[in-house]
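All of the numbers you see were taken from the coordinates with simple rules; none came from a lab. Bear in mind that the values here come from a model prediction, so they are computed numbers and not experimental data. In this analysis, Cβ positions are derived from the backbone assuming ideal geometry, glycine residues included, and neighbour counts consider all displayed protein chains.
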Number of protein chains: 2
Amino acid sequence: MANKFADLRAQMTSEARARVQAKAQAMLAEMPLNELRQARGLSQKMLAEVLHVQQPAVAKIEKRTDMYISTLRSHIEAMGGELEVVARFPDGAVKISNFADLGKVTAV
Amino acid sequence: MANKFADLRAQMTSEARARVQAKAQAMLAEMPLNELRQARGLSQKMLAEVLHVQQPAVAKIEKRTDMYISTLRSHIEAMGGELEVVARFPDGAVKISNFADLGKVTAV
């Protein structure tokens with residue numbers, strides 16, 4: 001059975017909720033995949049080696065504005081990260097778990 | 001130019017970083033799309049109407065373990081939410097902005 005938002009949020013005071021949400025939002029930098037790669041100190045060539053593809057394939061993915069979630073997950077895992085798919089609502093946020101195990105096998 | 005993680009994190013004390021991260025993680029419930037829909041008080045039929053598809057199409061999407069990010073975004077926006085794609089690393093998290101404008105046109 002699904003958790004109700006009301007139940008989840010009832011465990012925090014409204015002050016705490018507002019504070020946490022503001023800080024969590026502020027903490028999250030926003031950038032495209034190529035900038036994230038650079039911020040991690042990786043070249044396209046290095047990432048291509050981890051993914052067992054050629055460097056142009058990495059360049060192509062970084063330019064895409066849509067892709068399968070499994071493709072994105074492999075790409076992020078190759079950088080040493082973990083993909084989180086989040087649905088944010090005015091009254092809370094939820095991680096979508098449908099895709100939780102995608103890419104675990106193919107990612108190196 | 002990309003922001004460095006070090007710069008982003010330098011603006012917070014280590015105590016603040018740990019506290020925020022722990023709270024942000026705790027705040028995020030994790031559930032599959034069908035449970036999220038139920039938690040939002042929506043039926044497949046209601047969601048199908050918003051998306052201008054038939055109810056079985058919604059059921060099918062809820063069962064998928066992989067899909068295009070644009071498809072997921074439309075689905076979440078139809079529930080009144082906003083999709084966030086986050087890459088989480090041991091030293092911080094980043095929102096991936098490649099997909100920021102996807103689905104804005106097709107979503108109702």
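What is the average number of partner chain Cβ atoms found within 10 Å of a Cβ in B:61-68?
Counting other chains' Cβ atoms within 10 Å and averaging over B:61-68 gives 4.
Excluding residues fewer than 8 places away in the same chain, name every one of the aspartates and glutamates whose C-alpha is closer than 14 Å to that of A:Lys45.
By straight Cα distance, A:Lys45 reaches A:Glu62.
Taking a label point 7 Å out from Cα toward Cβ, give me the nm distances from A:Glu82 to the same spot in the other copies, shortest first, one decimal.
Copy-to-copy label distances at A:Glu82, shortest first: 2.5 nm.
Would you mind checking A:Lys63/B:Lys95; A:Lys63/B:Lys60; A:Lys60/B:Lys63 for any pair whose Cα atoms are more than 19 angstrom apart?
Over 19 Å apart, Cα to Cα: A:Lys63/B:Lys60; A:Lys60/B:Lys63.
Describe numerically, in nm with one decimal, the distance between label points set 7 Å from Cα along Cα→Cβ at A:Gln55 and at A:Ser14.
Taking the simple label geometry, A:Gln55 and A:Ser14 are separated by 5.7 nm.
Under the convention of a label 7 Å out along Cα→Cβ, give the distances in nm from A:Gln38 to the same position in every other copy, shortest first.
When each copy's label point is compared with this one, the spacings are 4.6 nm.
Please report, in debye to the nearest 20, how large the charge dipole of the range B:31-95 is about its Cα centre when each Lys and Arg carries +1 at its beta carbon and each Asp and Glu carries -1 there.
That gives the range B:31-95 a dipole magnitude of about 180 debye.
Report ³J(HN,Hα) in whole Hz for each residue of the range B:66-79, in order, from the Karplus equation J = 6.51 cos²θ - 1.76 cosθ + 1.60 where θ = phi - 60°; Gly and Pro get x.
Once rounded to whole Hz, the list reads 8, 6, 5, 4, 4, 5, 4, 4, 4, 4, 6, 5, 5, 8.
From the label point of B:Arg17, set 7 Å from Cα along Cα→Cβ, how far away are the matching label points in the other copies, in nm, ordered shortest to longest?
3.0
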